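The values are calculated or read from the model by the stated rules, or taken from the named source; none is laboratory data. Only a predicted model underlies this, so the values are computations on that prediction, with no experimental measurement involved. So basically every Cβ, Gly included, is an ideal-geometry build from the backbone, and we count neighbours across all protein chains shown. Accessible surface is based on the protein model in full, side chains and every heavy atom, while ligands, DNA and RNA are left aside. Shrake-Rupley method; radii C 1.70, N 1.55, O 1.52, S 1.80 Å.
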Amino acid sequence: MQRGTARDLFELLSSMRFAISLLTALGIASIIGTVVQQNEPFNAYLNQFGPFWFPVFETLGLYSVYSAPWFLVILAFLVLSTSLCIVRQTAPMLREMRSFRERAREVSLRQFAHRSEFSCSLHADDALARIEDYARANGFAARTDRRPDAVLVAARQGSLSRSGYFLAHGAIVLICVGGLLDGDLPLRAQLAFGAKSSTSAGQLIADIPESSRLPESNWSFRGNVFVPEGRSNRYAVLRLDDGILLQTLPFSIALEKFHIEHYDNGSPSRFASDLTITDVETGQSFSHTLEVNRPLFHHGIAIYQSGFEDGGSSLRLRAHSLLPGHPARQQDIAGAIGDVLPLSDKGYAHTLELTEFRAFTVEDVVPDPDQEARQGSVLTQVQRQLGSGAGAPADKAMRNLGPSFVFRLRDEAGQAREFHNYMMPVERDGAWVVLSGVRDSAAEEFAYLRLPLDEDGRLETWFSLHGLVFDPARHEQIASRFAERSLPGADEATRTRLTATARHVLDLFAERGYETVARFIETTVPSDERERALDLFLKILNGLVWEAWAIQHEQSGREAPILDEARARYLSNATTALSDSLLYGAPLYLQLLDFTQRQATVLQVTRSPGKAVVYAGFLLLILGIFAMLYIRERRLFVLLKNNGDVLVALSSNRRTVDVDEHFGRHVDALRLILDPAFAPDTPAMPR
Amino acid sequence: MNELAHRPGSMPGFRSAALDWLYLAALLSGAALALVRYGSHMDGYDTAILIIHVPLLTAVGWHWKPFRGFAATVALLALAAIALYQGDLARADQTFALKYLISSQTAIMWMSALVFIATGAYWLGLIAGADFAERTGSALTWVAVAMGTTGLLVRWYESYLLGPEIGYIPISNLYEVFVLFCLITMLLYLYYETRYGTRRMGAFVMVIVSAAVGFLLWYAFSRGAHEIQPLIPALQSYWMKVHVPANFVGYGAFALAAMIGIARLLAGRGILAARLPAERILEDVMYRAIAIGFAFFTIATVLGALWAAEAWGTYWQWDPKETWALIVWLNYAAWLHMRLTGGLRGAMLAWWAVIGLAVTTFAFVGVNMFLTGLHSYGSL
C-alpha cells in the first residue's frame, strides 16, 4: 500500500498535467510581481497600501515576490517535477531511440495510418538491395529482418529528436538551480544561519556593525558601490528588504572623473567613469574607463557602470530674508550636497538639507505634439510624414536651463518643504525671471516662484521692494506718498481718505497677497461692482509698489524712475512675485552664487557563481527546442513478401500535414525503383 | 524542414539552380564589398554579424525561392536611395524619387497604404471567391514588405546622415519595432502561403498587420514618433542587432498563429468553412507558427538575458518586460506540450492561441504603457 502511494505520488509529480499547472502558477505569480513594484523602500508601500494592507502584503512577500518562500517553493516543485519527468522518461526514450522495431508484424503494420501496397516485379535480392540503398540515400538508418515468408526493412531517421527532450528539460533544471545560486537565497541563508543581520540605510560606513558586514570570501552577491570624484571605496552596499548589508571587496575603487556627454538634443549619449582599481592585498593598481554595456571583470567580480549621483558638489549660496519686518537682510552660506546645516535668524531656526545639484537642467519645451500634428488638412499631414525620418530642425525638444540645486528646509517642528532653485534666469513672457520651485512632498509637482531681474540684471531691487512693501512700519509712508502723487492738487481731506484706502490695500496685500485683496472685495463689494473695485484696487496696488520702488531709488541715491513699458512689466511681475512669496513657505530665498561640481559614480558589483550553469542551460535549451521541434523522427517500414507484394508504412512522432506528403513521395519513389513499369503522375524527388 | 524545399511537382530546374548560385554570389560579393570598404569602421561583432548573414540569407533564399527576388529588390531600392541622397539629408525633400518613393518615411507610408489595400483584396478574394483578388492581395503584400524593408534600411542610413555618432540600427524604439513586426508577420505569412499553396489565410493574417499599421500611423501622426532620436547609452550595444529581430520573429509568429486560430474557430462553426483551407491545414499552420515563434522567442529571451548581464549586471532581474517575456514563454511552452505530448487538437488549441496573442500583446505594448521598468525603448 505504502509503495502504491509513493508510486502514485511519483506519477503525479512527473505527470505533464502537474507540470502544466506549475507553469500556470509560475506565470500568475510572476504577474503579481510586475503589478506591485518590487524592492521599493517600505515607506513607499506604507503610503501606497495604507496601514491595514501594508503588513498583510508584507507577510505575503509581495514586496519581493521573486524571493518569497512560496515563490521559491513553486520553483522547487518545477525543478522536482521536471527532474522526475526526465527520470521517468529516460528508459523508455532510450529504448525507443535505439530500437528499429524490426520485429514489427505485418498485422501491426497494417494498423498504420500511412500505409500503401503495390507489387514488385524484381528479384527479391535485387529488390532488397534497392530498398536498403534507397533508405540509406534518404538519410535513414535501416535494419533488415528476414522471415520465412517475407523480408522487413525497418528504417528510422531523426532519433536525435528525442535527445532534444533531455536537453530542453535538463536545461530547465540547470537554469533554475543556477538562478537560485545567483539570487538572494544565499544571502538570506547567511542571515538565517550565519549570525548576520541587515541594518538600516543612511549610516556612516564606520558605524555599520560587524554583524552586517560580509567578508571578501562571500561567493554570491550583488551590490552597489558609490564613489565620489577624488575618493575611493572598497565597500558595496547590498539591499535586502528594507535594510542593507556591507560587502567588503578585495580591491578599492577610486574615481578620478565621471563623464556625461550629450547629443545635440540634450539626451545623454555616454556615461563613463575613469577608475583606478587597487588590490588591497598586493597594492597593485590599474586604470580603467568603465562604460555602460562594457563591464569589467576583476578577481571574479564583475563591475558595471550602473548610475551616477552627486558626490558632494560644493555650493556658495546667498540667503535673502523673506520675513516681513526684516528688510533686505542677506547671509552668505557655503555647503556641499549631502550637508545638513543649521540656518537661523531672528524669528526662525531651520535646518537646511542640501540634497541635489545639477550642472545641466534639461527641460522639455517641445510644444504639445498632439496640437501641432492636428493642424492642417489630411493631405498636409501626410505630406509632413514623407521624406526622411529626421525631425524638423525646429523640433529641438530640449532646452538647458543651466545649473540648479534642490534642498529641503526643515522647521523646528520637523516639517520639511522641498525647493528647486535655478541659478540662471530664464525668459518668460518677454521678461527675465529666476525660478524657484517649492513643494510640500515628493508626490507633488513643484510650484514656481518667479523672481524678476531688475535693470541691472540683479534680484536686489525685488528684495528691497519686498522689504518695503511687507514692513508695516513703512505702510503709512508709502500710502501717503502714493496719495500725494495721485492727487497733487487735491485738498487735505480727499488726500487723507485716499491715504487711508491705500494703506488698507497695502495691509490687505501684506497679509496673503492677492488672495486677501480678492476676499475683501468679495465680502464687502456688491457683485455687480466687484470688477470695477478689483480694477481700482489693482491700480492702487501697482501705484503703491511703484512708490516703494521710488523710495528704494531715493535710498540708493538714484534719480526717481520714469515709468515706461519695460518698467511697467517689471512692476507687474514684481507684484505677482510679492504676492506669491507670501505662499512660498520659507523665511528666506537661497540664491546660488557659485558651485564646484563633484560627481559620484554608482557601480554595480556582482559575483555570480551560477552564471556558467545558467548559460550552459541556455545553450542546452536552445539546442533541445530546435531538436524537438525540427528534427523529425520518421520510421519507414518496407515489407517485401516472397510473393512479390510490397507493404510500405510510415510512422512519425509529429502528426503534421507534411507527413502525408512525405509518405506519398516515399511510396512513389519506392514504387519507381521496385516496379520499372510504374509511372507516377508527377516526378518526385524526395531528399 | 528540408524536404519542404520543393513542393510536389516543382522539380528544381536549371534556371532556378542558376539563380540560387547567382543569389549566393550577390550575397558574397555584397558582404565582401562591405568588409573591404567599411571593414575598418566595424568591430569584431559587426564583422561577425555581417558574415553570419551570408549563410543565413542564403539558407532562407535557397529554401524559399521567392525570397531571393525580394532580397534583390530591397537591396537595389536601398542602394538607389543611398545613391540619391549623395550624403545630404536635405535631398529627401528635393529629389522626387526620395520624397515620394524611397526615403524612409515615404517608403513606410507606402507600406502602410499597401497593407490596407492588400487586406481588402484578400477579403474580397475570400468572400467573393475571386482568385484574381487573392493574387492581387498576395502581390501587394510582397510589394508592401519590400517597401517597408527598404524604409527601415534607408532609415538606418539616414540616422548616420544625422551624425556619425547618432547612427543606429532602426529597431530601437517602439515605432521602428512596429514596422519590424509588420514586416516579419507578412514575411512569415507569405512563406506559409507558398508552402501550403493557399492564399485563403491572408484575409485573417493581414487584419493583425493592418491593426499594427493603424497603430503605427497614429503613433507617427499624433505623437511624432517617427522622428529619429539618438540612442541612450544603455541601448548602444551590438546585442540589439540580434535580440530584437529574434524577439519579433516570435511576436510575429504568435500573432499569425492567433489569426489562423480565429480562422480555425470560424471554420469550426461553419463560417467561411467552404472557402477556408481544411481545419487540419489551419491547425498545422498554427502549430508551425507557434513552433517557430517559440524557438525564436527562446533565442531572443536568452540573448536578452546575455545582454542584460552586460548592461545591467545580471542576466535576470525580474524587470516587468523580462517577467512578461517569461509569461509568454510559459504560455506557449504549455501550448506545445498540450499539442505534442497531450495530443490536444481542435477549437481548444485555437482559443488558446488567440488568448496567447492577448498575453503577447501585453508583453509587447502593455508593459510599456502600464508598468515601469528598464526596457525604456518606447512609451506611449
#### Entry: Total formal charge among the other residues, if their Cβ is under 13 angstrom from that of A:Ser313, Lys/Arg +1 and Asp/Glu -1
-3
### Query
When all protein chains stay in place, what accessible area (Å², nearest 10, 1.4 Å probe) is found for A:Tyr570?
20
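Can you pick out the pairs among A:Lys346/A:Lys539; A:Lys611/B:Lys321; B:Lys241/B:Lys321; B:Lys65/B:Lys241; A:Lys257/B:Lys321 whose Cα atoms lie more than 29 Å from each other? Each step should come with its number before you reach the end.
Details: A:Lys346/A:Lys539 34 Å; A:Lys611/B:Lys321 21 Å; B:Lys241/B:Lys321 18 Å; B:Lys65/B:Lys241 25 Å; A:Lys257/B:Lys321 33 Å.
Checking Cα-Cα distances, A:Lys346/A:Lys539; A:Lys257/B:Lys321 exceed 29 Å.
Among A:Arg655, A:Arg635, A:Arg567, what's the order by accessible area (1.4 angstrom probe), most exposed first? Please list the in-between numbers first.
Values: A:Arg655 160, A:Arg635 5, A:Arg567 45 Å².
These residues rank, largest area first, as A:Arg655, A:Arg567, A:Arg635.
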### Query
Using a 1.4 Å probe, what is the accessible area per residue for chain B, in Å²?
39
### Task
For A:Phe618, B:Phe96, give the ranking by accessible area with the largest first, probe 1.4 Å.
B:Phe96, A:Phe618
### Task
State which helices in chain B qualify, where a helix is a whole DSSP H run, it must extend 24 Å or more along its own axis by its Cα atoms, and its mean Kyte-Doolittle hydropathy must be at least 1.6.
B:66-85, B:202-223
### Query
Once the other residues with Cβ under 14 Å from the Cβ of A:Gln89 are scored (Lys, Arg +1; Asp, Glu -1), what is the net sum?
+1
### Task
Normalising by the residue count of chain B, find the relative contact order in percent from Cα pairs under 8 Å and 6+ residues apart.
13
### Query
For chain B, what is the mean residue ellipticity at 222 nm derived from helices alone (per DSSP H run of n ≥ 4: -39500 (n - 2.57); sum divided by total residues; nearest 500 deg cm²/dmol)?
-25000 deg cm²/dmol
### Alpha carbon convex hull of region A:2-92, volume per residue in cubic angstrom
107
### Message
With a 10 Å cut-off between alpha carbons and a GNM built on chain B, which of B:Leu330, B:Leu187, B:Leu140 moves the most?
### Response
B:Leu330
### Message
Keeping all protein chains in place and using 1.4 angstrom, which order do A:Asp429, B:Asp284 fall into by accessible surface area, from largest down?
### Response
A:Asp429, B:Asp284
### Task
Among B:Pro233, B:Ala334, B:Phe297, pick out the residue whose Cα is farthest towards the positive end of the charge dipole of region B:224-352, where Lys and Arg carry +1 and Asp and Glu carry -1 on C-beta, about the Cα centre.
B:Ala334
### Query
So what is the relative contact order of region A:2-92, in percent, for Cα pairs below 8 Å that sit 6 or more residues apart?
44
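What are the membrane-span-like helices in chain A by this rule: whole DSSP H runs, Cα extent along the axis at least 30 Å, mean Kyte-Doolittle hydropathy at least -1.0? List each step's numbers first, then the result.
Details: long enough: A:69-98 (43 Å, 1.08); A:160-182 (32 Å, 1.29); A:492-512 (31 Å, -0.42); A:530-555 (37 Å, -0.09).
The qualifying helices are A:69-98, A:160-182, A:492-512, A:530-555.
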### Query
Quick one: Cα centre-to-centre distance for region A:441-478 and region A:109-170, in angstrom?
96
### Message
Run the helix sum for chain A: -39,500 (n - 2.57) per DSSP H stretch of 4+ residues, divided by residue count, reported at 222 nm to the nearest 500 deg cm²/dmol.
### Response
-13500 deg cm²/dmol
### Message
Taking R0 as 45 Å, what FRET efficiency do you get between A:Gln331 and A:Ala568 from their Cβ-Cβ distance, rounded to the nearest 0.05?
### Response
0.85
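Within the accessible area of region A:2-92, what % is carbon and sulfur when the probe is 1.4 Å and the other protein chains stay in place?
Carbon with sulfur: 68 percent of the solvent-accessible area.
Report, in debye and to the nearest 20, how large the dipole of region A:6-143 comes out about its Cα centre when Lys and Arg carry +1 and Asp and Glu carry -1 on their Cβ. Walk me through the intermediate numbers first.
Working: 13 positive and 12 negative charges, 88 e Å.
With only Lys, Arg, Asp and Glu charged at Cβ, the dipole is about 420 debye.
Please state the relative contact order of chain A as a whole percent: Cα pairs under 8 Å, 6+ residues apart?
Relative contact order of chain A: 21 percent.
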### Task
Nearest 100 Å² is fine: how much accessible area is buried between B and A, summed over both sides, with a 1.4 Å probe?
6400
### Heavy-atom accessible area, 1.4 Å probe, ligands and nucleic acids excluded: residues of region B:220-269 down by at least 50 Å² from chain alone
B:Phe221, B:Glu227, B:Pro230, B:Pro233
### Query
Taking the Cα centre of each part, how many Å lie between region A:286-306 and region B:272-291?
51
### Query
When the chain is fully extended, how far beyond the present Cα-Cα distance does A:Asp207 get from A:Trp70, taking 0.36 nm per residue of separation?
45.8 nm
### Message
Which one, A:Asn265, B:Leu77, A:His475, projects farthest toward the positive side of the charge dipole computed for the protein assembly as shown from Cβ point charges (K/R +1, D/E -1)?
### Response
B:Leu77
### Query
Using the Cα atoms of region B:253-380 to build a convex hull, what is its mean projected area in square nanometres?
8.5
### Task
Give me the number: length gained by fully extending A:Arg101 to A:Leu122, i.e. 0.36 nm times residue separation minus the C-alpha to C-alpha distance, one decimal in nm.
5.0 nm
### Query
For the residue pair A:His298 and A:Phe193, what label-to-label distance in nm results when each label sits 7 Å from Cα along the Cα-to-beta-carbon direction?
3.3
### Query
In nm, to one decimal, how far is the A:Asp279 label point from the A:Thr5 one, both placed 7 Å along Cα→Cβ?
5.9
### Message
Tell me the accessible surface of A:Ser441 in square angstrom (1.4 angstrom probe, heavy atoms of protein chains only), to the nearest ten.
### Response
50
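Write down the Kirkwood hydrodynamic radius of region B:67-231, to one decimal in angstroms, obtained as one divided by the mean of 1/r over all alpha carbon pairs.
One decimal place: 16.2 Å for the Kirkwood radius.
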### Query
In nm, to one decimal, how far is the modelled label at A:Arg270 from the one at B:Arg345, with both set 7 Å along Cα→Cβ?
6.1
## Note on the structure
For A:Phe446 the rounded accessible area (nearest 10 Å², probe 1.4 Å, non-protein molecules ignored) is 50
#### Entry: Computed P(r) (all Cα pairs; the protein assembly as shown; 20 Å bins; percent)
10, 31, 31, 18, 7, 2, 0, 0
### Task
Using a Förster distance of 51 angstrom, determine the FRET efficiency expected from the C-beta separation of B:Ala139 and A:Glu256, and round it to 0.05.
0.25
### Cβ-defined net charge surrounding A:Val280, 14 Å radius [Lys, Arg +1; Asp, Glu -1]
-2
### Task
Between the chain alone and the structure with every protein chain in place, find the residues of region B:332-360 that drop at least 20 Å² of accessible area; heavy atoms, 1.4 Å probe.
B:Ala334, B:His337, B:Met338, B:Leu340, B:Arg345
### Query
Taking a point 7 angstrom from the Cα of A:Thr494 along the C-beta vector, which residues in region A:535-578 have backbone N less than 20 Å away?
A:536-537, A:539-541, A:543-544
### Summary
Given a Förster distance of 30 Å, the FRET efficiency implied by the Cβ-Cβ spacing of A:Glu529 and A:Phe446, rounded to the nearest 0.05, works out to 0.20
### Task
Summarise the long-distance tail of P(r) for chain B by giving the % of C-alpha pairs beyond 26 Å.
54
